[in-house]
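Notes to accompany the following structure.
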């Protein structure tokens, strides 16, 4: 598939052919959905906790006598219906994590990449390289390729100079092609690979490490 290809300085652009995995119809969409849900679930801490009748701090004394008041009997002040009482059926700490096998992750990643390429939301730059570790220089380079929106930039590996130049750009997320997942590719307005970064990702999809 042809993808827009930029020179290292972002000044010139052309189209270049890359061996992007292709899909027909809805193939791979269910795997993509499941992987995205799993990634989001795995980000949940699951630490929310409410107090039950056995854990809430309070007295075990009856709020009023059993008979003669004309109202319903109450056995304790820490029951859920009382102010400062316990919580009925409230959330407790739990593990939300989901496991996804390698084959499904690979299909989902391939489908996510294919969809972004089809929509014209993927670009490739020859290499990420700024002369100095200055945010202004990296931001100018980024503006030539994607002037607006949330951007995910990917490379095979990042130099300290490029990391320092890119880290203060609020709309930018920096990652390596070996670590990216289907949720990452689906979560940004534009994805920009270096040429080596895209080659690294395609190697992963073709069975490499």
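The values are calculated or read from the model by the stated rules, or taken from the named source; none is laboratory data. None of these values were measured; they are calculated from a predicted model. In this analysis, Cβ positions are derived from the backbone assuming ideal geometry, glycine residues included, and neighbour counts consider all displayed protein chains.
Annotations for the structure displayed:
- Residue match in the stretch 121-136 (condition: closer than 28 Å to residue 25 by Cα, part of a loop (DSSP other than H, G, I, E, B) and out of contact with any helix residue (DSSP H, G or I) (no Cβ under 8 Å at 6 or more places or on another chain)): yes
- Among the residues examined, residue 6 qualifies as touching a helix residue (DSSP H, G or I) at 6+ places or on another chain (Cβ under 6 Å), over 19 Å from residue 180 (Cβ atoms) and modelled with pLDDT under 95.
- Candidates 119, 179: the one that is within 16 Å of the chain's Cα centre (by Cα), exposed (fewer than 14 other Cβ atoms within 10 Å of the Cβ) and at pLDDT 90 or above is 179.
- Filter result for residue 107 (touching a strand residue (DSSP E or B) at 6+ places or on another chain (Cβ under 8 Å) and not in a loop (DSSP other than H, G, I, E, B)): no
- Which listed residue, of 28, 75, 85, 58, is modelled with pLDDT under 95, more than 30 Å from residue 147 (Cβ to Cβ) and surrounded by fewer than 14 Cβ atoms within 10 Å (Cβ to Cβ): 75
- Applying the condition of being without any contact (Cβ under 8 Å) to a residue 40 or more places away in the chain and either touching a strand residue (DSSP E or B) at 6+ places or on another chain (Cβ under 8 Å) or in a strand (DSSP E or B) (or both) to the stretch 14-54 and asking which residue is nearest to residue 107 (Cα to Cα) yields 17.
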